Amino acid sequence: MNNAADRHDLQELYREVILHHARTPRNFRCPENATHTAEGINPMCGDKLRLYLVIDANERVVDAGFEGSGCAISMASASMLTEAVRNLSVVEADACFSTMTRRLNQALPGCETPAALKLPGLQALDGVRAHPSRIKCATLAWHALHAALEHSQTVATSE
Amino acid sequence: MIQAPAASTADISCCRSDFPTLQQQVNAHPLAYLDSAASAQQPTAVIDAVARYQSEDHANVHRGVHTLSHRATELYEAARVKLCQLVNAASQAEIILTSGTTESINLVAQSYCRPMLQAGDQILITWLEHHSNIVPWQLVCEQTGAELIVAPVNDRGELELDEFRAMLTERVKLLAIGHVSNALGTINPLREIISAAKKLGIVVLVDGAQGVPHMDVDVQALGCDFYAFSGHKMYGPTGTGVLWGRESLLAAMPPYQGGGDMILEVHFDSTVFNELPYKFEAGTPNISGIIGLGAAVDYLQSIGMQNIYEHEQSLHAYLVSKLNAIAGLRLIGTARNQASVQSFMLDDIHPHDLGTILDHQGVAVRTGHHCAMPVMQHFGVPGTTRASLGLYNTVDDVDQLIRALEKARRVFA
């Protein structure tokens, strides 16, 4: 790999939108009326977050928030998640978990079309595919989402 | 302008060429391997000793009458002699060969502590310990009703000696303490500490995983009772390690595991255990690994532990001076007596993000909690970036790290 490709690769991973979400995470809070919550921890990394969802009587996610600490990739992913799942049905939100974990683990880019699943801005996370050791950072929040929707009592992890 | 350390009597930079893994480019940069505290690279002498054994001498040890079994046993036992001399043990009977420091410590927890501890007894450790010098004691405390107590450290990452002394009472039945902190590099004043414990008759285990690779270790001069260390931190193969223990203590302890090699006679109603050290070596051991570890001891002694210590100290001083010149960099661990292990934080960049950026520049460092979560909590950080220097590192490696850190600041600017 030459130095130009090296720079390109790093810029792919740390795109401005990721750094922006990591520095100023959206919905970094616990909604007072949260109905669902789950913790996600990657013990080897130390990345740790708690995800909160407010799900109304129509089985729709009306609010989402999170708290925690971790690397830029994990925090940005959680921040984007809270924006992406709002106004989705529970079924649609859970589909996001499987889509995102599959997509981020995929070697071939472009095999899924995020627009069709209404996950705006999340394409930026695709940069982790070139960094196998960092994929788990990007998927942690999504594992917590799945656990929260299932009312799982166990701590979610992507390690 | 910070000057690179001048060549001295401890100039061992030519040793770098003994390590094949270091002769490569990673992400289009020369590999600057600064993660020896996690696992050190192996010199050709070790790699060749293992390959020679595997291709010419392999058989099980202590069993067959045939030629290869004899050769394998000779090589295996020769490694024990070398390890015995390396740490100045009183006899080879005191050198238990294990899979690593973790197994060595668990052996002491289960075979020494478990039969002896009673409810109300205490085991004393420190905030600096690696998880492998915490969790085995927690387990044996749960099994016996004993209590684990923890001596504090100051903001430099040094043990608070006054508070430590106050915690040393007759309730303490075992003191388990690291020789060198893997996360912060702190070298504990072991002689002083052990002497204080011994005045109360307290048995002392030293976790020497980070001690043996960096300096001369003399277990008799230290005055401890157990000293545990690993092969792969001292340029040997993974899956190898040593428990040194005083013969009088080892002789009185029940076996850790049952199996082949640790017995003299087996009947269904009784078993006669083998003599030391074999009583603690059940099953076929990691023969090739231990033979490689013997080669690592030869290699270290051919350079001289004092030369290694001086080289690493000089390079560590250079590293610290360069790190201190980077704006936004905070050293974690500034003990006055420190091995060549340096943790730090750069601005508010998470260590994992920093580790990825450094890897892009060919720089291998450890990031995270370093299996030492309590000490990370003490410093209020989720983890650190840690550069650890081995005998093969050079000023060029340090300079490459510094350039990569400057680049990281630009990425996150």
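Against the test of being at positive phi, among the charged types (D, E, K, R), within 12 Å of chain A (Cβ to nearest Cβ) and open to solvent by 20 Å² or more (accessible area, probe 1.4 Å), the options B:Asp359, B:Asp347 yield a single qualifying residue, B:Asp347.
Summed over the range B:365-377, residues that are surrounded by 19 or more Cβ atoms within 10 Å (Cβ to Cβ) and either farther than 29 Å from B:Arg16 by Cα or more than 12 Å from chain A (Cβ to nearest Cβ) (or both) total 4. Of everything in the range B:402-413 that is within 13 Å of chain A (Cβ to nearest Cβ) and open to solvent by 10 Å² or more (accessible area, probe 1.4 Å), the residue that is nearest to B:Ala327 (Cα to Cα) is B:Arg409. Scanning the range A:27-63 for residues that are more than 14 Å from chain B (Cβ to nearest Cβ), within 30 Å of B:Ile357 (Cβ to Cβ) and open to solvent by less than 60 Å² (accessible area, probe 1.4 Å) yields A:Asn27, A:Glu39, A:Gly40, A:Leu51. Consider the range B:248-274 and keep the residues that are surrounded by fewer than 16 Cβ atoms within 10 Å (Cβ to Cβ) and of a type in the set (Asp, Glu). The one that is farthest from the chain's Cα centre (by Cα) is B:Asp269.
Here B:Ile95 clears all of (1) open to solvent by less than 10 Å² (accessible area, probe 1.4 Å); (2) farther than 29 Å from B:Ile291 by Cα; (3) touching a residue at least 40 places away in the same chain (Cβ under 8 Å) except the condition numbered (2). Being surrounded by 15 or more Cβ atoms within 10 Å (Cβ to Cβ), of a type in the set (Gly, Ala, Ser), outside any helix (DSSP H, G or I) and modelled with pLDDT of 95 or more is the requirement here; does B:Gly157 meet it? Judged against the criteria, B:Gly157 is a match. Is the range B:275-283 home to any residue that is farther than 22 Å from B:Phe164 by Cα, of a type in the set (A, V, I, L, M, F, W, C) and surrounded by fewer than 22 Cβ atoms within 10 Å (Cβ to Cβ)? Yes, that holds for at least one residue. Restricted to the range B:381-401, and to residues that are more than 11 Å from every other protein chain (Cβ to nearest Cβ) and open to solvent by 10 Å² or more (accessible area, probe 1.4 Å), which residue is nearest to the chain's Cα centre (by Cα)? Looking at the filtered set, the residue picked out is B:Thr394. Against the numbered list (1) open to solvent by less than 10 Å² (accessible area, probe 1.4 Å); (2) within 17 Å of the chain's Cα centre (by Cα), B:Met305 comes up short only at (1). The single condition from (1) under 22 Å from A:Ala22 (Cα atoms); (2) at pLDDT below 90 that A:Ser152 fails is (1). Is it the case that some residue within the range B:200-215 is farther than 14 Å from B:Glu94 by Cβ, over 17 Å from the mean Cα position of the chain (by Cα) and open to solvent by 60 Å² or more (accessible area, probe 1.4 Å)? Yes. When each of B:Ser195, B:Ser181 is tested for being within 28 Å of B:Glu312 (Cβ to Cβ), among the small types (Gly, Ala, Ser) and surrounded by fewer than 18 Cβ atoms within 10 Å (Cβ to Cβ), the lone residue that passes is B:Ser195.
The values are calculated or read from the model by the stated rules, or taken from the named source; none is laboratory data. The model shown is predicted, which means the values in this text are computed figures rather than measured ones. So basically every Cβ, Gly included, is an ideal-geometry build from the backbone, and we count neighbours across all protein chains shown. Side chains included, ligands, DNA and RNA excluded: accessible areas come from the protein's heavy atoms. Shrake-Rupley method; radii C 1.70, N 1.55, O 1.52, S 1.80 Å.
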